[in-house]
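Only one structure is covered here, and it is reproduced in the block below.
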Amino acid sequence: DTAVSQTPKYLVTQMGNDKSIKCEQNLGHDTMYWYKQDSKKFLKIMFSYNNKELIINETVPNRFSPKSPDKAHLNLHINSLELGDSAVYFCASSQDQGLRTDTQYFGPGTRLTVL
Amino acid sequence: SQKIEQNSEALNIQEGKTATLTCNYTNYSPAYLQWYRQDPGRGPVFLLLIRENEKEKRKERLKVTFDTTLKQSLFHITASQPADSATYLCALSNQAGTALIFGKGTTLSVSS
C-alpha cells in the first residue's frame, strides 16, 4: 500500500495552460502539505491543510490554488502556467498540525515541465 | 526569519568510514530538528527527530546530536555503505510549529 500517492508523476505542458496535480494519503493523517523543489533541490513549503482547513499559504502566487475535498486528499491546481513553475512538487502528510512530535510522509513527487 | 544551512553540498567518503553532516540554524530556537533522506527521483524519507532537551539520538548506524548553544546539529552515519549514498536534508519547525523549513541538503557519496 502506498502511504502518500500523487498523480501524475510527470507533467509536460505549454506555458499558459491550466493543470492539476492530485494527492491522496491513506495514513489517516489530519494535515497535508504541498512543497516545491526547484532545480537547485531546495524544498520549500507552499501550503498546508489541517482537516480541510487552510493553515499555511506561503507567499505563493494566486495562480496556485489548493483544494481539499476531504482530509485524505489535497489537490493542487495551477492556472496560467509559467516557465518558472517548472519544478518537482511533493505532497506530504503528518498526523497533526503541530509537528512537535510528528514526522512528515512524502509522496513520490510530480515533475512539472513547462515549455 | 529562520535560516538553516547545511555546510557541504557534497561529501565523498570511503566505505566503512563515518560520514558527518552539519546543519546550522539562526534566528530561531526550534523545539526539535529532523533529518530526512532523499534518493534521486523520490520524496524525502524521515530518519530521525531530536528534541531541544535531547543531546543525542541513535538509530542503528545513525546518530544525531543537537547543540542548542551552537545552534547546530550533527548527523553521523557510522560504517558507511554505498547504499547510504543519497541526499540528506535537515529540517526544523517554523516558529508557529505549523511547517518544516528544510536545508538545501548534503549529497553523500560512499565509494566501495
Going through region B:53-112 one residue at a time, which ones are more than 14 Å from chain A (Cβ to nearest Cβ), touching a Pro at 6+ places or on another chain (Cβ under 6 Å) and of a type in the set (S, T, N, Q)?
B:S112
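Quickly run through region B:66-112 and pick out the residues that are among the hydrophobic types (A, V, I, L, M, F, W, C), more than 21 Å from B:P30 (Cβ to Cβ) and not in a strand (DSSP E or B).
Residues satisfying the conditions are B:A79, B:A83.
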Would a scan of region A:34-50 turn up a residue that is over 24 Å from B:K3 (Cα atoms) and over 14 Å from the mean Cα position of the chain (by Cα)?
no
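Quick check on my filter: what residues within region A:54-95 are outside any loop (DSSP other than H, G, I, E, B) and within 12 Å of chain B (Cβ to nearest Cβ)?
Selection gives A:L54, A:I55, A:I56, A:N57, A:V88, A:Y89, A:F90, A:C91, A:A92, A:S93, A:S94.
For (1) in contact with a helix residue (DSSP H, G or I) (Cβ under 8 Å, 6 or more places away or on another chain); (2) surrounded by fewer than 19 Cβ atoms within 10 Å (Cβ to Cβ); (3) at pLDDT below 95, each residue gets a yes or a no:
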residue	(1), (2), (3)
A:I21	no, no, no
A:M46	no, no, yes
A:N51	no, yes, yes
A:L76	no, no, no
A:S93	no, no, yes
Looking at B:R42, B:R37, can you tell me which residue is in contact (Cβ under 8 Å) with a residue 24 or more places away in the chain, of a type in the set (D, E, K, R) and closer than 26 Å to A:D38 by Cα?
B:R37
Just the residues that are in a strand (DSSP E or B), within 23 Å of B:F46 (Cα to Cα) and not polar (S, T, N, Q), please, taken from region A:1-20.
A:V4
Residues within region B:9-39 that are in contact with a Phe, Trp or Tyr (Cβ under 6 Å, 6 or more places away or on another chain) and away from chain A (no Cβ under 14 Å), tallied
1
Considering residues that are surrounded by 22 or more Cβ atoms within 10 Å (Cβ to Cβ) and over 12 Å from B:L92 (Cβ atoms), the number found within region B:20-42 is 2
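The values are calculated or read from the model by the stated rules, or taken from the named source; none is laboratory data. All values derive from a computational prediction rather than experimental measurement. Every residue, glycine as well, gets a Cβ built from its backbone with ideal geometry; the counts of neighbours run over all protein chains shown.
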